[in-house]
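Heads up: the structure comes next, in structure tokens.
The values are calculated or read from the model by the stated rules, or taken from the named source; none is laboratory data. Bear in mind the structure is a predicted one, so any value in this text is a computation, not a measurement. Don't worry about glycine lacking a Cβ; one is built from the backbone with ideal geometry, like all the others, and counts go over all protein chains shown.
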Amino acid sequence: MRYLLPVVFLATLSLIGCGEKAKQNNNTSEQVAASVTVEESGKNDDVKFPVYNFDSFEPLLHKEDDITYVVNFWATWCKPCIEELPYFEKVNAEFKDDNVKVVLVSLDMPSMWKSRLEPFVEKKALQSEVVILDDPKQNTWIPKVSEEWGGGIPATLIYNQGKRSFYERGFTYEELTKELNQFIN
Amino acid sequence: MKTFKILGALILLISMASFVGNTTTEKGYAIGDTAADFSLKNIDGKMVSLSDYSDAKGFLVIFTCNTCPYAVAYEDRIIELDAKYKSKGVPVIAINPNNPSAKPGDSFDKMKVRANEKGFTFPYLLDEGQKVYPQYGATRTPHVYLLEKTADGNVVKYIGAIDDNYQDASKVDEKYVEDAVDAMLAGKEIKVTSTKAIGCTIKV
């Protein structure tokens with residue numbers, strides 16, 4: 001029964017597919033699930049992005065240099081996250097001279113790293129740094145990112161040496177740059 | 001610019017109202033609050049309220065849905081919770097808080113399909129009009145509220161995640177919900193009364 005779980009899970013996922021593939025028939029989704037499962041057993045070792053547990057990830061939230069970090073927590077299955085990603089990309093490109101760096105922290109599940117995350121990043125040609133945070137002990141680490149965070153995504157932490165703010169919400173480009181300007185001016 | 005001012009004034013008014021009024025209405029329930037009853041449509045077409053359960057000692061009100069990967073990861077464990085605690089007087093009441101027009105995969109018809117596929121043994125209700133989840137203060141799926149039925153109403157005893165490992169049920173160290181229900185039924189103090197977890201934002 002336990003063994004069946006991931007298959008059912010993936011089949012459902014491919015069905016929802018963030019709304020894109022909702023019309024897929026059952027056969028296709030089962031095939032997708034099967035191929036994904038095989039891929040999964042072919043292990044995640046060669047995943048393109050660095051994978052952190054929270055202990056190894058935490059220093060990324062406390063760097064003491066001259067850069068303003070925009071740390072966005074997202075996942076490929078999170079529709080509002082996907083919608084705001086272009087704004088973070090734009091900020092990463094346009095604020096380079098202001099020493100701003102965007103870090104996209106994927107909370108995708110291990111089964112999705114090769115099957116969804118990598119293709120997504122490639123397709124969207126994301127230029128910001130992408131890292132994976134894989135730590136199921138969420139109740140332990142969520143408060144360490146911010147006491148204000150209930151656990152919903154999208155969520156964003158903006159910090160530099162002088163200032164630190166956390167936002168459990170989505171952004172428009174205008175909203176994001178408005179917040180960011182408080183850090184760089 | 002004018003609309004901004006009006007909007008600003010409105011936000012100010014709302015936030016002021018929340019200070020003046022009952023503070024629990026804006027942010028949802030805290031531990032010890034009395035939860036309001038509701039009347040929501042189940043997948044079998046019948047309306048369900050907590051007051052229908054005259055013999056219950058409490059409830060596991062779980063905001064969940066069809067489409068969120070975390071909710072899906074917990075489906076089997078929600079079924080297990082109902083199997084374990086319904087007979088002890090604490091049934092699962094699942095509520096889908098998402099707006100189906102924002103998330104078609106969470107429509108009433110799709111809820112029926114999913115419940116049938118998984119063999120849900122508990123009511124799976126649609127929060128039609130999205131009035132109930134804000135009262136509770138649910139922000140994501142899955143989001144659990146353990147209620148204890150008392151003479152003064154249904155008191156909130158635990159808020160949060162089901163356990164501490166969404167990825168793998170066999171690697172769970174702390175079964176937050178089970179520990180809370182067990183303590184409640186034994187008349188003991190619940191040690192962990194609220195937990196945080198990553199979840200899917202409720203779609204409005």
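Please pick out the residue among B:D55, B:D163 that is among the acidic types (D, E) and in contact with a Gly (Cβ under 7 Å, 6 or more places away or on another chain).
Sole residue among the options that is among the acidic types (D, E) and in contact with a Gly (Cβ under 7 Å, 6 or more places away or on another chain): B:D55.
Sort out which residues of the range B:54-69 are closer than 29 Å to A:S111 by Cβ and either within 14 Å of another protein chain (Cβ to nearest Cβ) or charged (D, E, K, R) (or both), and write them in order of number.
Passing the criteria: B:F63, B:T64, B:C65, B:N66, B:T67, B:C68, B:P69.
Yes/no matrix, rows are residues, columns are (1) under 26 Å from B:Y176 (Cα atoms); (2) of a type in the set (K, R); (3) touching a helix residue (DSSP H, G or I) at 6+ places or on another chain (Cβ under 9 Å):
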residue: B:A36; (1), (2), (3): yes, no, yes
residue: B:G45; (1), (2), (3): no, no, no
residue: B:L60; (1), (2), (3): yes, no, yes
residue: B:C65; (1), (2), (3): yes, no, yes
residue: B:A71; (1), (2), (3): yes, no, yes
residue: B:P104; (1), (2), (3): no, no, yes
residue: B:S107; (1), (2), (3): no, no, no
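Can you name the residue in the range B:92-119 that is of a type in the set (S, T, N, Q) and crowded, with 22+ Cβ neighbours inside 10 Å and is also farthest from B:V156 (Cα to Cα) among such residues?
B:N98
So B:G21 fits all but one of (1) more than 24 Å from B:I198 (Cβ to Cβ); (2) surrounded by fewer than 20 Cβ atoms within 10 Å (Cβ to Cβ); (3) of a type outside the set (V, I, T); (4) at pLDDT 95 or above; what number is the exception?
Evaluating B:G21 over (1) more than 24 Å from B:I198 (Cβ to Cβ); (2) surrounded by fewer than 20 Cβ atoms within 10 Å (Cβ to Cβ); (3) of a type outside the set (V, I, T); (4) at pLDDT 95 or above leaves (4) as the failure.
If you scan the range B:160-179, which residues turn out to be farther than 17 Å from B:Y85 by Cβ and within 19 Å of the chain's Cα centre (by Cα)?
Listed by number, the residues that qualify are B:D164, B:N165, B:Y166.
Kindly list the number of the only condition in (1) surrounded by fewer than 22 Cβ atoms within 10 Å (Cβ to Cβ); (2) touching a strand residue (DSSP E or B) at 6+ places or on another chain (Cβ under 8 Å); (3) over 20 Å from B:K149 (Cβ atoms) that fails for B:G89.
Among (1) surrounded by fewer than 22 Cβ atoms within 10 Å (Cβ to Cβ); (2) touching a strand residue (DSSP E or B) at 6+ places or on another chain (Cβ under 8 Å); (3) over 20 Å from B:K149 (Cβ atoms), the lone unmet condition for B:G89 is (3).
Mind listing whichever residues of the range A:145-179 are closer than 23 Å to A:P86 by Cβ, of a type in the set (G, A, S) and within 15 Å of the chain's Cα centre (by Cα)?
A:G152, A:A155, A:G170
Restricting attention to the range A:23-69, which residues are of a type in the set (G, A, S) and either modelled with pLDDT under 95 or touching a helix residue (DSSP H, G or I) at 6+ places or on another chain (Cβ under 7 Å) (or both)?
Scanning the range A:23-69 gives A:S29, A:A33, A:A34, A:S35, A:S41, A:G42.
Among the residues of the range A:156-184, count how many are modelled with pLDDT under 95 and either within 13 Å of chain B (Cβ to nearest Cβ) or within 22 Å of B:D168 (Cα to Cα) (or both).
Looking only at that region, the number is 3.
May I ask you to list the residues in the range A:129-140 that are closer than 17 Å to A:Y87 by Cα and either within 13 Å of chain B (Cβ to nearest Cβ) or surrounded by fewer than 18 Cβ atoms within 10 Å (Cβ to Cβ) (or both)?
Hit for the range A:129-140 is A:E129, nothing else.
If you go through the range A:59-110 one residue at a time, how many are polar (S, T, N, Q) and closer than 18 Å to B:A197 by Cβ?
Number satisfying all stated conditions: 1.
One residue is enough: does the range B:29-39 have a residue meeting the conditions within 14 Å of another protein chain (Cβ to nearest Cβ), under 30 Å from A:R116 (Cβ atoms) and surrounded by fewer than 24 Cβ atoms within 10 Å (Cβ to Cβ)?
No.
Scan A:S146, A:S111, A:S115 and give me the residue that is within 14 Å of chain B (Cβ to nearest Cβ), closer than 23 Å to A:I67 by Cα and hydroxyl-bearing (S, T, Y).
Sole residue among the options that is within 14 Å of chain B (Cβ to nearest Cβ), closer than 23 Å to A:I67 by Cα and hydroxyl-bearing (S, T, Y): A:S146.
Among (1) under 24 Å from B:D163 (Cβ atoms); (2) of a type in the set (S, T, Y); (3) at pLDDT 95 or above, which single condition is B:T141 missing?
Of the numbered conditions (1) under 24 Å from B:D163 (Cβ atoms); (2) of a type in the set (S, T, Y); (3) at pLDDT 95 or above, the odd one out for B:T141 is (3).
Matching residues to (1) of a type outside the set (S, T, N, Q); (2) over 15 Å from the mean Cα position of the chain (by Cα):
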position	(1), (2)
A:V51	yes, no
A:S56	no, yes
A:I67	yes, yes
A:A75	yes, no
A:A93	yes, yes
A:K96	yes, yes
A:M109	yes, no
A:E122	yes, no
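Tell me which residues, restricted to the range B:95-119, are over 11 Å from B:N66 (Cβ atoms) and either basic (K, R) or within 16 Å of the chain's Cα centre (by Cα) (or both).
Within the range B:95-119, B:I95, B:P97, B:N99 meet the criteria.
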